[in-house]
Each structure stands twice: as C-alpha cells, then as structure tokens.
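One structure is given below, encoded as structure tokens.
The values are calculated or read from the model by the stated rules, or taken from the named source; none is laboratory data. Not measured: the values here are computed from a predicted model. So basically every Cβ, Gly included, is an ideal-geometry build from the backbone, and we count neighbours across all protein chains shown.
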Amino acid sequence: MAERIIGQDAVLEEILMALVAGGHALLTGVPGLAKTMMIRTVAEAMQLEFRRIQFTPDLVPSDITGTELLEEDSATGSRSFRFVRGPIFANIVLADEINRAPPRTQAALLEAMQEHRVTAAGDTMSLPEPFFVLATQNPIEQEGTYPLPEAQLDRFLFDIRIGYPDADAELAILRATTGRVGAALTPVIGAGEALGLQRACRAIPAADPVLRYAAALARATRPDAPEATALVKRYVRWGAGPRAGQALILGAKAHALLAGHDAVHPDDIRRVARPVLRHRILPNFAAEAEGVGAEQVVDDLLTHVAPPASAIRL
C-alpha cells in the first residue's frame, strides 16, 4: 500500500491498526491528501467486498441500508415486497464526506457500526464479517455540513488526522502520479485472514498495570474526576467515556501485534492515545477562545499521567 500512498506511513499504520482491532476509523484532512484513495487502496489490498457511499445533503437512510420494492408476478398477478439491500452490506464501507449528510442519515450507520447488523423492513439482518466503516471528512469547509454528534464519534475507534507530506514525499507524489498509470494491487489478505488477525489481536495479553494505565488516561480526561489534570479542569467540558479505555487497549493490542510483540506495553497505549482520545474530548468555550484543542489536552495527559514504572519491554 505504501507504494501507492506516499509519505503517509503513520496514517496507513493507524488504518491497519483499526482494521486489526475490528474497529472503524474516521479520516480527517484537507482536500487532496488522498483520503479516499487510501481507503480504496486498503480495499484493493484486502480481498473483501467494498462499497463507497458519497454523503450528500439529499441522501436518505434507505440509500444506505436498503429499501423495499413492490413487485408483481406477471403470471399470477400477485404482489409482494422485496427488500433490496443497500451499500452498507459490504465488508469495507467508505462513507465519503460523512459530515455532508444530515444527522438523520448519519444515524443510519449507528446500528451497523455498533451491532454489525441492520434493522429494516421489520427484519434484522447481519452484515458480512469482517465489517469496517472508514469515513472521511474535510475540516475546513464547514458551510453546509453537519458535524457528527458525540455519540456517533464515539463509535469510531480512531480519529485519524492526515497532514501535508514533507518536501521529499511531495516530490515523490508528483513523480508517481503524473506518469504512467500504476498497476492494480494484488490482494494479500482475505476475509478469513482478517478475522484471524482480529482474534489474534484480542488474544494479545495486557497485564493489570497496563489496564490501569489505560483507565487512568481515560479518567483523566473528565474534568470532575480526581485524576483530571489542571488543563483538563480548565478547558474540557466533557471527557471520554469507558469506551475510550476499551479503544486504548484494543488499539494497543493491534499495535503490539503488528509490531511483533507478545504483550501490550505502555508505549503501545501511548502510540494510540491521540487517535483514540482526540475525538472523545469536548473542549469548552474557554478552550475555543484561547485556541486550546483536544490534541493539546491529550499531549498534556501523556505528560502528566505516568505509565507503570515496572513496565519494561524485553
């Protein structure tokens, strides 16, 4: 994948960690940073069914989940309803520019993301496994958009921020994308292997000190908690819930697995803290007025919440 997506190795690693952990990911970045291409590249490298949904203001929930059609049998004249499945019934679903659709349409993803099933036409239908939602949004064009509510943001394991490439990477991008069209990627993993990686991820052990460290980081984001730092008490309105601790552990397990480690270390927790916590911390008005963002709060937590002193990676 890195042969096609140049200069974004950390972003690709975070996408892979989300897939291995069995979670969903939100990719946030300005136009032209290959957000959609990254997800298409992941789908090509994995032999999984892929669907793209372009979110627009006129999109309705049935465009995502599916709709009932009335069919008539020409021989008997009888009529019956048939449910036509929507694009959500795939292994990898790209929700492109998810914040351009109204909340009613965004909410059509909630049950699918949490329960891996869809309720429509009076029936509950399971989605194919593995199932991933990879969504993109543009942070600079906010006119005519609908910010994702906190309840839906919490469903995303990672909020992945994509920055500009450095000078060398940008030169390599120009060289690679303005010449001959590159060859298609050869899939290297299928559904069975992906599910096996998810099982292996959950089997990675995490000792109690590591679990306590993840819980301490999540609790320290809450301004009313005794563990909260001074910055959190001053600038945070709402902190992360228990799902943040779960995401820290699962993300750390995925990082440990991809790195070839046989147990979770506090460094694995620290590696995933930013993509896990940045969208689960809600700054208050004072933070907005003084230009303090969730990213600065997470950095402050990593500085002041000490990892277990006895944790040594061999």
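Observations
- Members of segment 45-76 that are modelled with pLDDT of 85 or more, assigned to a loop (DSSP other than H, G, I, E, B), over 15 Å from Tyr146 (Cβ atoms) and aliphatic (A, V, I, L, M): Leu48
- Put simply, of Thr124, Thr145 the only residue that is in contact with a strand residue (DSSP E or B) (Cβ under 9 Å, 6 or more places away or on another chain), of a type in the set (S, T, N, Q) and assigned to a strand (DSSP E or B) is Thr124.
- From the options Asp168, Asp268, residue that is among the acidic types (Asp, Glu) and assigned by TED's automatic domain parsing to the domain that holds Asp300: Asp268
- Residue-level analysis places Thr76 outside the set of residues that are closer than 18 Å to Met125 by Cβ, out of contact with any Pro (no Cβ under 6 Å at 6 or more places or on another chain) and of a type in the set (Val, Ile, Thr).
- Close pairs (8 angstrom Cβ cut-off, 6 or more residues apart or separate chains): modelled with pLDDT of 85 or more in segment 110-126, among the acidic types (Asp, Glu) anywhere: His116/Glu129; Arg117/Glu111; Val118/Glu111
- Filtered residues of segment 245-302 (kept if among the hydrophobic types (A, V, I, L, M, F, W, C), within 17 Å of the chain's Cα centre (by Cα) and in a loop (DSSP other than H, G, I, E, B)): Ile281
- Test: residue in segment 66-85 that is under 26 Å from Gly192 (Cα atoms), within 21 Å of the chain's Cα centre (by Cα) and of a type outside the set (Asp, Glu): no
- Subset of segment 101-128 (residues that are more than 18 Å from the chain's Cα centre (by Cα) and either acidic (Asp, Glu) or closer than 21 Å to Val11 by Cα (or both)): Asp123
- Number of the exception - Phe131 against (1) touching a Pro at 6+ places or on another chain (Cβ under 7 Å); (2) at pLDDT 85 or above; (3) aromatic (Phe, Trp, Tyr); (4) over 16 Å from Gln8 (Cβ atoms): (1)
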